[in-house]
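J.: Mind having a look at this structure? Questions to follow.
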Amino acid sequence: MINIKVAEVENFLSFKEKQRFVFHNGGIHYIHGINLDSKNKADEIEGLDSNTEELPDDMFSVASGKSSFTYICQYVFYGKIVKKVKMDGVINKETKRDLYTMVEFDINNDEYKIERYRRHYIHKNNLYLFKKVNNDWVDLSDSDGEMTQEKIQKLIILNAVTFQKCILFHRDDMKQFLDLNE
């Protein structure tokens, strides 16, 4: 079982500044909130009150990072997200470079860390896999990114689509989940 502990991103989708997220072991994490740009645009639309929760979910697409947040682990583990974007499409549109993503996780009490870069000034498009041994991160990466990706795939077992459907519930999946019987 994969237990995600920490995620960091910089210049990833809507996250421009470096962000660090620490997960608790309490099970489900629910991220909810109104799109910031929807609220601002709603104030400009006659007869629409932005102080209500009745704004359409798909009113505006760019916002505070809720959807981007759900893609972090998927991108780090697989180098792609299910959303149809080109390889450089995950880089923040303002910075256009220096993408950094990292996830720390454990599997069966062994701690691992994956770092994935894209158009990065120092790390180029590199991918790194580390394992914590005696409190130090030991580099398990191969010289070739594809071979490192194969190691990661063997470690996490799930493919990208299965990961998304088992680990991440996006806006489209949430209603089905909430409708389940108790």
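J.: Can you tell which of Ser50, Ser38, Ser67 is in contact with a helix residue (DSSP H, G or I) (Cβ under 8 Å, 6 or more places away or on another chain), at pLDDT below 80 and part of a helix (DSSP H, G or I)?
T.: Ser67
J.: Something else now. Which ones in segment 123-157 are in contact (Cβ under 8 Å) with a residue 40 or more places away in the chain and not in a helix (DSSP H, G or I)?
T.: Leu127
J.: Would it be correct to say that Val85 is modelled with pLDDT under 80 and either surrounded by 15 or more Cβ atoms within 10 Å (Cβ to Cβ) or within 25 Å of Met147 (Cβ to Cβ) (or both)?
T.: Considered against the rule, which asks whether it is modelled with pLDDT under 80 and either surrounded by 15 or more Cβ atoms within 10 Å (Cβ to Cβ) or within 25 Å of Met147 (Cβ to Cβ) (or both), Val85 comes out as yes.
J.: A follow-up question, please. Quick check, is Tyr117 in a strand (DSSP E or B), open to solvent by less than 60 Å² (accessible area, probe 1.4 Å) and in contact with an Asp or Glu (Cβ under 6 Å, 6 or more places away or on another chain)?
T.: Considered against the rule, which asks whether it is in a strand (DSSP E or B), open to solvent by less than 60 Å² (accessible area, probe 1.4 Å) and in contact with an Asp or Glu (Cβ under 6 Å, 6 or more places away or on another chain), Tyr117 comes out as no.
The values are calculated or read from the model by the stated rules, or taken from the named source; none is laboratory data. Model, not experiment: these values are computed from the prediction. Here the Cβ is made from the backbone with ideal geometry for all residues, glycine too, and neighbour counts use every protein chain on show. To get the accessible areas, we keep the full protein, side chains included, count just its heavy atoms, and leave off ligands, DNA and RNA. Shrake-Rupley method; radii C 1.70, N 1.55, O 1.52, S 1.80 Å.
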